[in-house]
Amino acid sequence: MRRGLIGMNVTKGMAKRSFLGLDAAKLVAAVLVVVTHSQVLQSAPAVVSRLTGVFISLAVPYFFIVSGFLNFHLAHGDHDEQLRRTWKAAGVGLWLYVAWTVIYLPASIISFVLEGAGFNLKTIIRYAHKIIFVGEWQLWFLLSMAIGYAVIHAMLRAGASMKVVVAVGLFSYVVSCIIEVFQRIPAKDLPAGMARAVNLYSLVFASPRVLFQGIAYIVIGMILARGYARIQELLRRPALFGCILAVCIITLTVLNYQTMVSADALISAGLYGVLRFILAVVIAVATLGWVGSDRSGMFRHMRTLSATTYLAHVYFLLIFTVVATGGTSIELTSDINHGLALLFALIGCAATSALASAAGRKHAFVAQLFHC
């Protein structure tokens, strides 16, 4: 089985047994990302869209956690293997970010033209700034993954203990929440110096997700990998484990929803960020329970489909939108059928995934690009 975006989903302790729950959940998460970008919930009742939004916000954090879990689980606690895997993950993340940014270049150029910005020096500088500091389209995940693994690798190589790595990861998330809180507060309500600092940060990095959130969630995956033996003990009592997880998920979902709709920045950004973090961990633990043999290869294809869906769906949404608007816009306006846009993107991604799976058997480049 090839190594892809997040490493092989196989555990050596159980020959040819995979974390099937992770593969299934990743596909669900990828589809949720397409749902939000298609804006299909725009006309749905507020309760439905906001409740769904809670789980949509967990999609990318879940990808990070799974990546961290698999890489550290497969390292089996060996320091040299951890160094090798974190370095490789950083390199793969950066390579994929560059490759997919190039793939999306035509879409970026079209967006510049349709937005009226043209393709001039100012636009090129703006584009360069975006791909270096913010991340183009949904590809920020790859950039954040590369940065997160690079930082973890540097700490491990410098001899930092796992406790230090965990502390840095959790501190990064706290910083992320603090930045999000200040970004939600109107500049007029902040001290002048603080307002200027927040504005400067926002101009350069837009949000804290690239710099601070990737490493935090990867570290959570590392913690789950180190504590997997205890998780397995809990899994031997499925009824109790299931009840605890169900209560946690329901409670945290309700709390997440309540904080998300709050007008208070400290609640809607700070507390919501903390609860989102906890809920992502709980769901990750829940999906670790489904382990088995993928004899039919269905879950291997799901792995490719989830990666393709996340990475390629924006292209299909852009194509649909440009055609639907007669080449006048890249925005999904209210008069466009968002359901058809969602369907077109999902079908396009499924077809691309099937082609990539076939081509990936012969070409390593394709296999790595689409996580075959």
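Just so it is clear, none of the values below were taken in a lab; they were calculated from the coordinates. Predicted model only: the values in this text are computed from it and were never measured. Neighbour counts are summed over all protein chains in view; Cβ atoms, including those assigned to glycine, are modelled from backbone coordinates with ideal geometry.
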Convex hull volume per residue in cubic angstrom - Cα atoms of the chain: 158 Å³
Residue order, fewest to most surrounding Cβ atoms within 10 angstrom, among Y217, Y97: Y97, Y217
Extension gain from F365 to V113, taking 0.36 nm per residue of separation minus the Cα-Cα distance: 87.6 nm
Using a Förster distance of 56 Å, the FRET efficiency for A44-A154 (Cβ separation, nearest 0.05): 0.80
Mean separation of Cα contacts under 8 Å (6+ apart) over length of the chain, as relative contact order %: 30 percent
Kyte-Doolittle mean at least 1.0 and Cα axial length at least 30 Å: DSSP H helices in the chain: 162-184, 238-260, 298-324, 338-360
F133-A192 pseudo-label distance in nm [points 7 Å out on the Cα-to-Cβ vector]: 2.3 nm
The stretch 230-342: C-alpha gyration tensor shape, a/c 1.5 cut-off, then a/b vs b/c: oblate
By average C-beta atoms within 10 angstrom, highest first, the peptides 75-81, 105-111: 105-111, 75-81
Whole-Å distance, taken between Cα centres, linking the stretch 135-166 and the stretch 265-325: 20 Å
Neighbourhood charge, 14 Å Cβ-Cβ cut-off, centred on A216 and excluding it, Lys, Arg +1 and Asp, Glu -1: +1
Distance between modelled label sites at R236 and V28, nm, 7 Å Cα→Cβ extension: 2.7 nm
Footprinting exposure proxy for S293, S172 (fewest neighbouring C-beta atoms within 10 Å first): S293, S172
M145, M194, M302 arranged by Cβ crowding within 10 Å, fewest neighbours leading: M194, M302, M145
Computed label-point distance, nm, for sites S202 and E331 using a 7 Å Cα→Cβ extension: 1.9 nm
